[in-house]
Structures are given as C-alpha cells and as structure tokens.
C-alpha cells in the first residue's frame with residue numbers, strides 16, 4: 001500500500017458501532033465493563049482510547065513501523081524516550097538540536113544524573129568517539145533545527161547496533177513522507193505532531209514509533225504510567241491532518257526550493273541553509289537518505305540584528321511566530337525565539353548567529369511568498 005493510501009485508510013476503518021466513515025472522537029474518560037474482568041479492550045482513556053489508537057496505528061504505518069504511541073506534545077514524547085534511562089547513563093547527541101530539546105536535556109534530565117554529550121552530528125565518527133560503557137542512547141535530529149544539517153542515519157545506526165545502544169531519531173523536520181529512519185536502522189522515531197503531521201497549527205502533540213516489541217512494551221508502560229497522552233480531540237485533529245500530508249509536503253518542498261534559490265541569489269543574503277541546494281555541504285547525503293528536502297530554510301542576512309528585525313517584522317504573509325509545519329508560512333529568529341535558552345557558548349560553538357533567520361515555508365503561491373520576502377529585504 002502506498003503512502004498516500006495508508007495515510008487515509010490504515011487504522012481508520014469505518015466505525016464498528018455506527019459505520020461512521022471518519023474515525024469518531026471518543027470523548028470519554030472511562031468505559032463500562034460487560035462484567036467483572038470483562039470489557040471491550042478499553043477501561044480508562046489514559047491507558048487507551050479508540051481515537052488515539054487509530055492515530056497510533058496510522059502513524060506507525062507511515063513510518064513503516066510496528067507500533068505507534070501518541071503524546072500531548074513532542075517534548076512529552078522525547079521525555080518518554082528518556083525514561084528508558086537510569087541515573088548514571090549517558091546520551092550521545094548531535095550538537096544542533098531544537099532549543100526545547102536542549103533545555104529538556106540540560107535543565108531537566110541532567111538533574112537525574114543523566115549526562116548528555118554533544119558531538120558534531122555531521123560526522124558519524126564523532127558519535128563513535130564519544131561512546132563510553134555508560135552510553136545507553138544516541139539521539140539524532142536530522143535535518144537539524146535551525147541549521148538544516150544532515151546526520152547519516154544509516155552509518156550512525158551501524159555504530160549503535162555494534163555497541164548495542166538504542167538510537168532515536170527526531171524526524172519532525174522531514175516528516176515520514178520524506179524520510180523513514182526505521183528503514184535506515186533507527187530503533188525509535190520521535191515526532192512533534194504539532195508540526196507537519198498535524199499541519200494546520202491548531203494542535204499540540206507528539207509521537208513515538210518503533211518496531212521493537214521490547215521497546216514498545218516499555219514505552220507503552222511509561223506512556224500509561226506518566227500519563228502525558230494526547231486527548232481524543234487532539235488525536236482526531238492529527239488524524240485528520242495526516243490525510244493530506246503527502247499533498248502538503250510536495251507543495252512545501254516545491255515552494256521551499258524556489259525560495260531557497262531566490263535567497264541564494266539575493267545580494268543581502270550571506271548564506272542559505274537548505275539541503276535541496278547543491279551548495280549545501282551534505283546535499284548528496286540528503287538525496288541518499290531522503291526522498292525530498294522539506295519546507296524548512298534558514299539564512300543569514302548580510303548584517304546584524306537591525307536587518308533581522310527589519311526583515312522578520314516586515315513580511316506580510318510570513319507570520320512572525322514560533323513553530324513550523326503549518327499550511328501558513330512562518331518566520332522567526334532562532335537566537336531570541338526557539339533557541340533563546342540554549343547556552344551562549346553552545347550557540348557560539350555551533351555557529352548559531354544573531355543574523356540567522358528561520359522560515360517555515362507554507363503552501364501559499366510561491367510567487368507571493370518570494371515577493372513578500374523581497375519587499376521585506378528592500
């Protein structure tokens with residue numbers, strides 16, 4: 001079954017009770033048992049809910065995984081992966097990550113004596129060099145937020161498997177339409193379903209997908225026990241969103257490519273980060289492990305914060321806002337927005353500069369978006 005068909009049908013069969021074509025919103029907290037110890041598979045909605053279950057089955061199919069788990073946010077999903085660890089364990093991770101992930105690592109889980117080691121995500125050998133007997137997890141984000149760097153998932157997975165270390169990949173930027181980390185050797189895939197999977201900037205959610213029976217049982221237990229699950233309506237919104245994921249991702253990429261090419265030729269732009277450009281240092285790797293390049297771009301303007309302010313406040317169609325992946329285009333300043341809490345020394349080491357702007361390219365007409373940026377850059 002092709003991706004587009006799975007997105008519409010898998011886990012979304014007509015409702016058994018009513019024949020409803022679209023999965024109903026089961027807005028219930030509890031379920032009536034037929035008798036003591038006998039029920040229809042559901043007893044309490046923190047443990048399971050039919051609407052959430054439909055989403056979890058659908059998400060697993062899109063990632064070519066066996067199991068899906070849905071959460072209240074992307075960070076709730078990330079936190080649940082980290083509950084696989086114990087005090088004294090170490091995590092090796094790429095150095096270019098979403099600011100909220102860095103905050104979670106450095107300011108929350110580090111308090112439980114879990115150590116996070118940041119390495120150059122573009123070099124698989126850097127992961128291998130950082131591994132110690134205490135390393136229990138490798139965490140990747142590719143393409144990265146906000147510098148759009150690419151990690152070779154297959155090569156790092158070989159290292160992880162040889163050392164018997166779990167490897168998780170945040171696949172939010174690419175979406176399962178353009179990249180399938182499980183097929184490349186990852187053990188776990190994580191998403192902020194708030195972004196491309198939901199696709200309409202009207203829901204906050206997260207997901208974990210795996211094909212490991214053992215990992216699923218552990219993660220399912222933590223999902224139920226910690227309780228950061230997506231509610232029925234939020235689950236339904238993401239389920240609705242994925243039906244058009246393939247169509248949207250094609251348009252996001254088509255627009256992003258045109259905008260990246262425009263920006264790369266603009267005299268006021270110093271650098272454009274987009275893996276679809278041949279000038280991107282990992283363009284060939286992106287072509288190899290992705291089927292498309294996505295809708296995210298970051299770029300450096302030719303001067304500092306004054307120009308940044310002029311551009312991000314000067315667009316009419318690009319809304320100045322955090323988040324990404326919706327049908328509407330967004331523009332933001334990572335250093336003061338999504339990555340404001342990343343330590344300054346980390347920013348400097350990473351090359352995360354004050355003159356960097358990030359855009360989430362929507363599905364509007366590409367010409368209108370280009371004109372909007374052109375006018376803001378004048």
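Each reported figure results from applying straightforward, stated rules to the coordinates on display, with no laboratory input. Fair warning: this is a prediction, and the values are worked out from it, not measured in the lab. Glycine also receives a Cβ, built like all others from the backbone with ideal geometry; neighbour counts cover every protein chain displayed.
Counting beta carbons within 10 Å around each of 299, 3, 71 and listing the fewest first gives the order 3, 299, 71.
Tally the DSSP beta bridges in segment 3-242 and give the antiparallel ones as a percent, rounded to 5.
45
Can you give the log10 of the normalised intensity I(q)/I(0) at q = 0.07, 0.14 Å⁻¹, computed with Debye over equal Cα scatterers of segment 3-242? Those come out to -0.23, -0.87, one per q.
When the helices of the chain are scored as -39500 (n - 2.57) per DSSP H run of n ≥ 4 and the total is divided over every residue, the value at 222 nm lands at -11000 deg cm²/dmol.
What angle do you read, to the nearest 10 degrees and between 0 and 90, between the alpha-carbon axis of helix 50-62 and the longest principal axis of the chain? Tilt of helix 50-62: around 50 degrees. Shape class of segment 113-230 from the Cα gyration tensor (axes a ≥ b ≥ c, square roots of the eigenvalues): oblate, since a/c reaches 1.5 or more and a/b does not exceed b/c. Pairwise inverse Cα distances across segment 84-158, averaged and inverted, put the Kirkwood hydrodynamic radius at 12.5 Å.
Could you work out the relative contact order of the chain, using alpha carbon pairs under 8 angstrom and six or more residues apart, expressed as a whole percent?
The value is 17 percent.
Ranking of 323, 110 by neighbouring Cβ atoms within 10 Å, starting from the fewest: 110, 323.
Label-to-label distance, residue 371 versus residue 158, with points set 7 angstrom from Cα along the beta-carbon direction: 5.0 nm. Treating the Cα atoms of segment 269-378 as identical point scatterers in vacuum, please give the log10 of the normalised Debye intensity I(q)/I(0) at q = 0.10, 0.12, 0.16 Å⁻¹, two decimals. Listed by q, the Debye log ratios stand at -0.30, -0.43, -0.78. Of the peptides 331-340, 312-321, the order by per-residue mean of other Cβ atoms within 10 Å, starting with the highest, comes out as 331-340, 312-321. Gain on full extension, evaluated as 0.36 nm per residue between residue 310 and residue 115 minus their Cα-Cα distance, stands at 66.2 nm. Taking the C-alpha atoms only, the angle from helix 305-314 to the longest principal axis of the chain is near 60 degrees. The angle separating the long axis of helix 245-264 from the principal Cα axis of greatest extent in the chain is about 10 degrees. Taking Cα centroids, how far is segment 348-378 from segment 297-341 in Å? Each part's Cα centre sits 6 Å from the other's. Projected over all directions and averaged, the alpha-carbon convex hull of segment 221-279 occupies 7.2 nm². Considering the chain as a Gaussian network with a 10 Å cut-off on Cα pairs, which listed residue, 258, 282, 179, attains the greatest mean-square fluctuation? Of 258, 282, 179, the Gaussian network model singles out 258 as fluctuating most. The shape of segment 178-222 comes out oblate: with a ≥ b ≥ c from the C-alpha gyration tensor, a/c is at least 1.5 while a/b does not beat b/c.
With neighbours defined as other Cβ atoms within 10 Å of a residue's Cβ, the residues 196, 98 order from fewest to most as 98, 196. Separation of segment 203-224 from segment 77-141 is 18 Å, based on Cα centroids.
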